[in-house]
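Notes follow the structure.
The values are calculated or read from the model by the stated rules, or taken from the named source; none is laboratory data. These numbers were taken from a predicted model, which means no experiment stands behind them. Ideal geometry is used to build each Cβ from the backbone, glycine not excepted, and the neighbour counts take in all protein chains shown. Ligands, DNA and RNA are excluded from the accessible area calculation, which covers all protein heavy atoms including side chains. Shrake-Rupley method; radii C 1.70, N 1.55, O 1.52, S 1.80 Å.
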Amino acid sequence: MHLSGVFGANCFFGFMLFSAVPKAFGTPAEEPARPPAVAAEKRSENQPDMEAKKFGLVIHGGAGTIERSNMTPEKEREYRAGLERALKAGYEILKRGGSSLDATEAAVRVLEDDLHFNAGRGSVFTSAGTNEMDAAIMDGKTLAAGAVAVLKHVKNPISFARFVMEKSGHVMMDGEGAEVFAKENGIELVDQKYFFTQERWDALQKIKAAEKKHTGSAGKAFIITDQDRHGTVGAVALDKNGNLAAATSTGGTTNKRPGRVGDSPIVGAGTYANNATCAVSATGDGEYFIRASVGHDISALMEYRGMSLEEAAQAVLDKVAKLGGTGGLIAIDRKGNVALPFNTSGMYRGYVDPNGKFVVEIYK
């Protein structure tokens, strides 16, 4: 298996490689030992069935201005621990032969339940002081997809997105209608206060205060960090059956207008999976990722131009940058190659190495 990363120091990579040898190839104790030549011949005949089965998992928790100098040791440990918990949730499923869909959903659910990340419980606030969440999941085998947007009470948007994919007959649902559908089908709903965190609330107040000082001149008259503004979580996976999946969830951007929808739930932009090419989950300035059709564009460059995953991922992220957008993405192809490019100072990300070790990175 060929393993490659993205150009320069802007990416890291990882994959998991395990062998699965059927018990049928063992020799029962009561069976007479075969002559060496016969045994060797049998191994040769069955070699295709004994090939190692690859599976891979990569996650992200958002990209932006993430500087080591601004991160306390305690806060860094908390972020790393959250990413490791997500890796464990997805890895355990893949290791025992579970599907890439199950693995990506499980990993993203863990990050949605962690208040350190901008999704689910840790979602940022709109300009109206509410929380509105988006999510999407896609099955690379069938190209089935489910997406939800402008949710205010669904505890785990990624699981609801999968429910929409599998049970609704639709691809995307949003707002009040989506939540009525969720309630009718027993999806867990919570009060808005569940999503309140002081850090996110303070970020909203900081941005509102800065806006009041805005002079109206061209450009930004104040400095707001990416940590204050936005964030996303996501996972991409390849399972032992060769199926790809992608899942992405977000609380959007701080101080966004109510009803704003970013790239995360847009199939082909922030989330995309196709067994013929790759699975992608993006994070960053959503409006630019939508305009660049990031996920599908990477897949198309691979399918129609014959580009490798890392070449296509970097080319599309460069296109986002030319439009004025910042962020990053994680991607895995059908052979297990992965790419994690980003054009910011950091991206919360993690993978499992060939020895089963969890590797978590934050800075460039």
Between K212 and A81, what is 0.36 nm times their sequence separation minus the Cα-Cα distance? Round to one decimal in nm. 43.4 nm
Nearest 0.05, what FRET efficiency do S308 and S168 give at R0 = 22 Å with Cβ-Cβ as r? 0.05
32 Å Cα-Cα threshold exceeded, pairs from K155/K319; K95/K322; K75/K208; K152/K212: K155/K319; K95/K322
List the residues whose amide H sits under 5 Å from the amide H of N255, counting only those 5 or more places along or on another chain, with H placed 1.01 Å from N in the peptide plane. F125, T126, S127
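Any idea of the accessible area per residue across the stretch 254-364, 1.4 Å probe, to the nearest Å²?
That works out to 34 Å² for each residue.
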Can you tell me how the stretch 230-325 classifies by the Cα gyration tensor, rounded, prolate or oblate, using a/c under 1.5 as the rounded cut? oblate
Go through 304-314, 53-63 and give me the packing order, highest mean Cβ count within 10 Å leading. 53-63, 304-314
Could you give the length gained by full extension between L189 and E92, i.e. 0.36 nm per residue of separation minus their alpha carbon distance, to one decimal place? 32.2 nm
Could I have the simple spin-label model distance between E176 and D202, label points 7 Å from Cα toward Cβ, reported in nm to one decimal? 3.6 nm
Rounded to whole Å, sorted largest first: equivalent-ellipsoid semi-axes of the stretch 299-338, Cα gyration tensor: 20, 12, 6
Probe of 1.4 angstrom, ligands and nucleic acids ignored: what's the accessible area per residue over the stretch 45-175, in square angstrom? 39 Å²
Quote the FRET efficiency, to the nearest 0.05, computed for E74 versus A321 with a Förster distance R0 of 56 Å and r equal to the Cβ-Cβ distance. 0.95
